[in-house]
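To start, the structure under review is shown below, and the notes come after it.
The values are calculated or read from the model by the stated rules, or taken from the named source; none is laboratory data. Here the structure is a predicted model, which means the values were calculated and not measured. Because the Cβ atoms are built from the backbone with ideal geometry, glycine has one as well, and the counts that use them run over all protein chains shown.
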Amino acid sequence: MAHMSDGELLVIGHRNPDTDAICSAIGYAEFKRRTGTPHAEAARCGDTNDRIDFVLDTFGVPAPRFVADVSPKIRDVMATNVISVPPSATAAEALAVMDDRNIRFLPVLREDRTCAGLISVFKMSKFFLPAPGRLMDSRRLLTTVKGLARTLDAQIIFATGSGEEEEDLILMIGAMGSDSFHKRLQNYPREKLVVVVGDRLEIQDLAIRERVRMVIVTGGLPVSQSMVDFAAKNHVTLLVSPHDTTTTAMLCRAAITVEHMTHEHFLSFRDDEPLDSIQALAAASQFQAFPVVNEDRQTIGILSKSDFLKKVHRQLILVDHNELSQAVHGADKVEILEIIDHHRIGSLSTAQPILFRNEPVGSTSTIVADCFFRHGVELPKPIAGLLLAGLVSDTLNLTSPTTTERDAQILQRLETLAGVDAARFTEKLFASGSVLTSLAAGDAIVTDCKEFEEQGRRFSVAQIEELGFDQFWKQKLDVSAALERYRQKKSYFFSALLVTDVGSNSSLLVVAGPDVLLKLIDYPLVEEGVFELAGVVSRKKQLLPYLSHCLKKGASRLGSV
């Protein structure tokens with residue numbers, strides 16, 4: 001799914017969208033853009049089908065963007081400018097970044113952008129200020145020659161090796177007489193010693209003679225050529241630090257690479273995870289920030305605890321439905337600005353008043369077209385064609401009982417604007433693809449499926465429009481079996497499928513449900529679970545009221561079924 005930006009307004013139809021849902025979403029988004037809302041965008045939360053594709057191709061309009069879930073995600077609030085350091089960075093470099101950016105945590109990222117761990121001010125403070133009894137640790141240096149030189153801003157006068165190999169070294173301050181210093185040298189392996197010394201030439205000379213690993217001369221003091229030659233002869237690395245001895249010794253400790261100071265056990269999240277699903281886990285964590293990764297485990301963002309307080313500016317306009325059970329996932333988690341619909345009013349509630357335009361017409365496309373006409377907004381030819389397609393699809397070219405005089409008036413104007421003959425277009429539309437031919441039975445029964453609730457019972461009603469019933473009878477057994485599986489999967493009381501022949505304006509009703517319910521249906525039974533509904537073509541105005549009547553009428557007989 002594409003990244004959703006702040007200030008987003010999606011105009012979106014119901015799940016398993018039909019032609020009217022897609023066309024009205026595109027049309028209304030265009031209307032909003034032309035009337036002062038430039039960021040309005042059409043979207044869909046289900047797949048298109050052959051007929052929808054035919055309509056879009058006919059008028060040269062791309063399908064709306066697919067959005068499966070609109071609930072606030074981590075990607076909506078995370079910081080995408082990831083400030084990080086590589087494992088080879090020194091603690092000093094990490095601290096400088098943290099101080100400059102005023103942050104307490106940094107991700108340590110490998111070259112492939114995967115996260116090796118987190119570095120924190122807290123963990124580094126424990127390293128630089130070790131607890132009593134661990135003072136030996138304060139003299140230990142885990143670093144490279146080049147890393148040490150970078151940290152000190154020191155000049156490398158002479159070095160053995162590449163300077164990039166990490167070494168485990170011991171820090172010693174040469175701030176004593178040569179006798180005392182020589183005695184101390186006996187306590188440590190020379191090849192591990194880093195001697196920090198000022199202008200005490202006798203200490204410099206003794207350290208080099210004893211072949212310590214490194215001598216760091218402080219204060220930016222000059223080193224004689226003879227001392228440089230002596231260091232080279234004895235293979236002793238020689239650096240000159242611009243800082244005084246105290247500062248140099250302190251900074252040496254900060255030359256350790258961050259890979260030794262990372263929190264290796266940390267929380268990371270996927271960018272597509274819903275915020276509310278991880279909020280408790282994040283709140284309980286000791287960390288203040290969390291790497292956000294993509295499917296390849298690459299770090300693409302940082303989520304901090306304060307990000308949970310951010311408001312996600314995503315708003316919806318629902319078209320062709322007004323019930324949350326039919327809406328895109330997460331619709332209840334974001335603001336719904338408007339609803340444009342022609343179906344019965346369901347149980348959806350909003351946090352504040354909204355524009356709710358619900359009219360008893362044959363299609364939502366009728367209402368959208370009327371918005372253009374009523375407000376005198378220019379209606380582009382391709383959009384007029386789409387709205388015409390949505391209107392004739394939902395009204396079966398004005399033959400459905402849901403059709404009103406307003407639909408006929410709007411259709412006439414759309415024909416002129418689109419340059420399309422509605423009757424001929426309708427023939428091409430319904431000949432453009434049989435759902436039962438192009439899809440497996442399990443997919444066909446949910447292409448235009450809606451959930452309802454009556455008398456405390458949840459059920460689904462789907463509709464397929466065909467030219468004739470031939471394809472249905474060929475697949476009747478598969479369709480019936482798929483409908484029953486769908487009912488059980490969703491735990492519905494029953495699932496119904498209305499197969500409509502747009503040529504004869506009649507339908508077959510397939511029902512998967514308990515026998516006691518099937519006995520309440522008094523339409524002619526053609527085969528087991530299949531009823532003949534002559535003259536019935538509308539799910540909304542004919543079938544749904546009839547099914548509601550059956551549930552009410554048989555309430556006592558249905559009992560606890």
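Being closer than 27 Å to Val334 by Cβ and either surrounded by 19 or more Cβ atoms within 10 Å (Cβ to Cβ) or hydroxyl-bearing (Ser, Thr, Tyr) (or both) is a description that does not apply to Ser226. Taken together, Phe452, Phe472 contain a single residue that is surrounded by fewer than 23 Cβ atoms within 10 Å (Cβ to Cβ) and under 27 Å from Ser347 (Cβ atoms), which is Phe452. Residues in the range 145-157 that are surrounded by fewer than 20 Cβ atoms within 10 Å (Cβ to Cβ) and of a type outside the set (Asp, Glu): Lys146, Arg150, Gln155, Ile156, Ile157.
Scanning the range 519-554 for residues that are free of Cβ contacts under 8 Å to residues at least 40 places away in the same chain and not charged (D, E, K, R) yields a total of 16. Residues that are outside the structural domain of Ser363 (by TED's automatic domain parsing) and more than 42 Å from the chain's Cα centre (by Cα) do not occur anywhere in the range 442-450. There is at least one residue in the range 248-256 that is over 16 Å from Cys115 (Cα atoms) and among the polar types (S, T, N, Q).
Among the residues making up the range 437-449, a single one is surrounded by 21 or more Cβ atoms within 10 Å (Cβ to Cβ), touching a Lys or Arg at 6+ places or on another chain (Cβ under 9 Å) and outside any loop (DSSP other than H, G, I, E, B): Cys449.
Going by what's in this entry, would Ser84 be described as of a type outside the set (A, V, I, L, M), buried (at least 17 other Cβ atoms within 10 Å of the Cβ) and not assigned by TED's automatic domain parsing to the domain that holds His329? It is true that Ser84 is of a type outside the set (A, V, I, L, M), buried (at least 17 other Cβ atoms within 10 Å of the Cβ) and not assigned by TED's automatic domain parsing to the domain that holds His329.
Quick one: would you say Val561 is modelled with pLDDT under 95, crowded, with 20+ Cβ neighbours inside 10 Å and part of a loop (DSSP other than H, G, I, E, B)? Answer is no for this residue. Could you list, in sequence order, all residues of the range 221-240 that are under 12 Å from Val197 (Cα atoms) and either at pLDDT 95 or above or not assigned by TED's automatic domain parsing to the domain that holds Glu164 (or both)? Correct list: Leu238, Leu239, Val240. Filter the range 269-298 for residues that are over 30 Å from Gly46 (Cα atoms) and among the polar types (S, T, N, Q); which is surrounded by the fewest Cβ atoms within 10 Å (Cβ to Cβ)? The qualifying residue surrounded by the fewest Cβ atoms within 10 Å (Cβ to Cβ) is Gln286. Across the range 57-71, the number of residues qualifying as farther than 22 Å from Leu316 by Cβ and touching a residue at least 60 places away in the same chain (Cβ under 8 Å) comes to 3.
In the range 130-141, of all residues being of a type in the set (D, E, K, R) and either surrounded by fewer than 14 Cβ atoms within 10 Å (Cβ to Cβ) or within 17 Å of Val293 (Cβ to Cβ) (or both), the one that is modelled with the highest pLDDT corresponds to Asp137. Out of all the residues in the range 115-129, which are outside any loop (DSSP other than H, G, I, E, B) and either closer than 15 Å to Val292 by Cβ or not β-branched (Val, Ile, Thr) (or both)? Correct list: Cys115, Ala116, Gly117, Leu118, Ser120, Phe122, Lys123, Met124, Ser125, Lys126, Phe127, Phe128. Kindly evaluate Gly161 against the criterion of being farther than 21 Å from Phe287 by Cβ and at pLDDT below 90. Yes. The residue pairs whose first member lies in the range 333-356 and is in contact (Cβ under 8 Å) with a residue 40 or more places away in the chain and farther than 20 Å from Tyr28 by Cα, whose second member is small (Gly, Ala, Ser) and in a loop (DSSP other than H, G, I, E, B), and whose beta carbons are closer than 8 Å, counting only pairs six or more residues apart or on different chains, are Lys333/Ser71. Within the range 543-558, the residues that satisfy the criterion of being within 40 Å of the chain's Cα centre (by Cα) and either crowded, with 17+ Cβ neighbours inside 10 Å or modelled with pLDDT under 90 (or both) are Leu543, Leu544, Leu547.
Out of Val461, Val502, one residue alone is touching an Asp or Glu at 6+ places or on another chain (Cβ under 6 Å) and under 30 Å from Asp57 (Cβ atoms). It is Val502. Looking at the range 253-372, the strands (runs of 3 or more DSSP E) lying wholly inside it that each contain 2 or more residues that are touching a Lys or Arg at 6+ places or on another chain (Cβ under 8 Å) and either in the same structural domain as Glu165 (by TED's automatic domain parsing) or more than 30 Å from Lys540 (Cα to Cα) (or both) sit at 289-293, 299-304. Restricted to the range 267-296, and to residues there that are touching a strand residue (DSSP E or B) at 6+ places or on another chain (Cβ under 8 Å) and among the charged types (D, E, K, R), the residue that is farthest from His329 (Cα to Cα) is Glu295. Go through the residues of the range 481-489 one by one and say whether even a single one is in contact (Cβ under 8 Å) with a residue 40 or more places away in the chain and not aliphatic (A, V, I, L, M). Yes, some residue in the range 481-489 is in contact (Cβ under 8 Å) with a residue 40 or more places away in the chain and not aliphatic (A, V, I, L, M).
Residues that are surrounded by 15 or more Cβ atoms within 10 Å (Cβ to Cβ), of a type in the set (A, V, I, L, M), closer than 30 Å to Leu109 by Cβ and modelled with pLDDT of 90 or more: does the range 311-319 have at least one? No, because not a single residue in the range 311-319 is surrounded by 15 or more Cβ atoms within 10 Å (Cβ to Cβ), of a type in the set (A, V, I, L, M), closer than 30 Å to Leu109 by Cβ and modelled with pLDDT of 90 or more.
For the range 373-397, the candidate set comprises residues that are crowded, with 18+ Cβ neighbours inside 10 Å, over 35 Å from the mean Cα position of the chain (by Cα) and in a loop (DSSP other than H, G, I, E, B); within that set, the residue that is modelled with the highest pLDDT is Asn397.
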